[in-house]
Amino acid sequence: MHIHILTLFPNMFTGPFSESIIKRAIDQGLVEIAIHNIRDYTSDRHHVVDDYPYGGGPGMVLKPEPLFAAVAAIRGECGESEKGEAELPVILLTPQGRLFNQRATEELAKYEELILICGHYEGVDERVREHLVTDEISIGDYVLSGGELAAMVVVDALVRQMPGALGSEESAGEDSHSSGLLEYSQYTRPQSFRGWEVPEVLLSGNHAAIARWRREQSLLRTIKRRPDLLERATLSDEERMLLEGMRRGED
Ligand code: 6GU
């Protein structure tokens, strides 16, 4: 997968992309991440990227020309100038976008190539939204200073679900949200810590019992913390019965 990021602050990405799972995925060639400085696509002498809002008001607005130029250059550079919107999504990171979640990750993961635009200042010129961008994404109902941190969140979520991105010791299959439920509780050594014990069943060696216990924990945790997730989770008949029991407080 080839991810292009358009930003005014390219240095923000160096730390997060040179560590851990993302770094490994880049080194393995699973993902190529190109950071483009929006300022490099200005054509005026002073490399102006923003301007005052028409009609007045506080803050600055990102100008359309550099963003259109950057996307055109990326389309050309990749020899895919004929690539339509369907193949090359141009995604604006903005608090006004649709909420990002695991399902959105799965959708984006289907693309071979995508462009993420990090919004900044008071916003971007509306013509960018109307005529350049194919999708708008927000990572939650709060306001960040720019789209950069959101872009990192999207990249991380995308990378960790790529086959081969996680080591053999790791697994995305049991992550919270991968099944529509929250992940079960985890324990490691010591077996007794400050008098707090690891649940017996995990020491039993009985794999079926362990799997059952974990699924139960998952359900319990989800019903307590995020009952909204249960509406869309795929559950077996046994799990539905368990859930009913939990709801009636019989667990
Ligand atoms: Cl994508 N951008 C900004 N600036 N703030 C946000 C966001 C994005 N998602 C949540 N808050």
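Volume per residue, Å³, of the convex hull around the alpha-carbon atoms of segment 176-250? Don't jump to the answer; show the numbers that get you there.
Values: hull volume 8.6 nm³, N = 75.
Considering the Cα atoms of segment 176-250, their hull volume per residue is 115 Å³.
When the helices in the chain are scored as -39500 (n - 2.57) per DSSP H run of 4 or longer and the sum is shared across all residues, what 222 nm value do you end up with, to the nearest 500 deg cm²/dmol? It would help to have the intermediate numbers written out before the result.
Numbers: 9 runs with 86 residues, N = 251.
My calculation for the chain gives -10000 deg cm²/dmol from helical runs alone.
How high is the relative contact order of segment 2-160, given as a whole-number percent (alpha carbon pairs under 8 Å, six or more residues apart)? All intermediate terms of the calculation are to be shown ahead of the outcome.
Numbers: 252 pairs, mean separation 46.9, N = 159.
Normalised by residue count, the contact order of segment 2-160 is 29 percent.
List the longest stretch of the chain that has no exposed loop site; here a site is one of the chymotrypsin sites (Phe, Trp or Tyr not before Pro) assigned by DSSP to anything other than H, G, I, E or B, with at most 15 other Cβ within 10 Å. Present the calculation step by step, with values, prior to reporting the outcome.
On the way: sites that count: Tyr54, Tyr142, Tyr187.
Result for the longest clean stretch: 55-141.
Under a crude label model (7 Å from the Cα following the beta-carbon direction), how far is His2 from Leu235 in nanometres?
4.5
What residues have an amide H closer than 5 Å to that of Asp50, excluding those fewer than 5 places away on the same chain, when H is modeled at 1.01 Å from N in the peptide plane?
HN-HN under 5 Å from Asp50: Lys63.
What do you get for GluC sites (Glu not before Pro) in segment 128-223 restricted to DSSP loop and a cutoff of at most 12 other Cβ within 10 Å of the site's Cβ? Please report the intermediate quantities before stating the final value.
Details: sites: Glu130, Glu136, Glu148, Glu169, Glu170, Glu174, Glu183, Glu197, Glu200, Glu216; in loops: Glu169, Glu170, Glu174, Glu183.
Taking segment 128-223 and a limit of 12 other Cβ atoms within 10 Å, the loop GluC sites (Glu not before Pro) found are Glu169, Glu170.
Mind checking which aspartates and glutamates have their Cα closer than 13 Å to the Cα of Lys23? Skip sequence neighbours fewer than 8 apart in that chain.
Excluding near neighbours in sequence, the set is Glu32, Asp156.
P(r) for the chain, please, calculated from all Cα pair distances in 5 Å bins and given in %.
Going from the shortest bin to the longest, the percentages are 1, 5, 11, 13, 14, 13, 10, 9, 7, 6, 4, 3, 1, 0, 0.
Roughly what % antiparallel, to the nearest 5, for the DSSP beta bridges in the chain? Could you put the intermediate results ahead of the total?
Working: 4 of 26 bridges.
Roughly 15 percent of the DSSP beta bridges within the chain come out antiparallel.
Name the residue farthest towards the positive end of the dipole of the chain from the options Gly205, Thr234, Gln96, assuming +1 on Cβ of Lys and Arg, -1 on Cβ of Asp and Glu, about the Cα centre.
Gly205
Where a number appears in this text, it was derived from the coordinates with a stated rule and is not lab data. Quick caveat: nothing in here was measured; it's all calculated off a predicted structure. For neighbour counting, all protein chains shown are included, and Cβ atoms are generated from backbone atoms with ideal geometry for every residue, glycine included.
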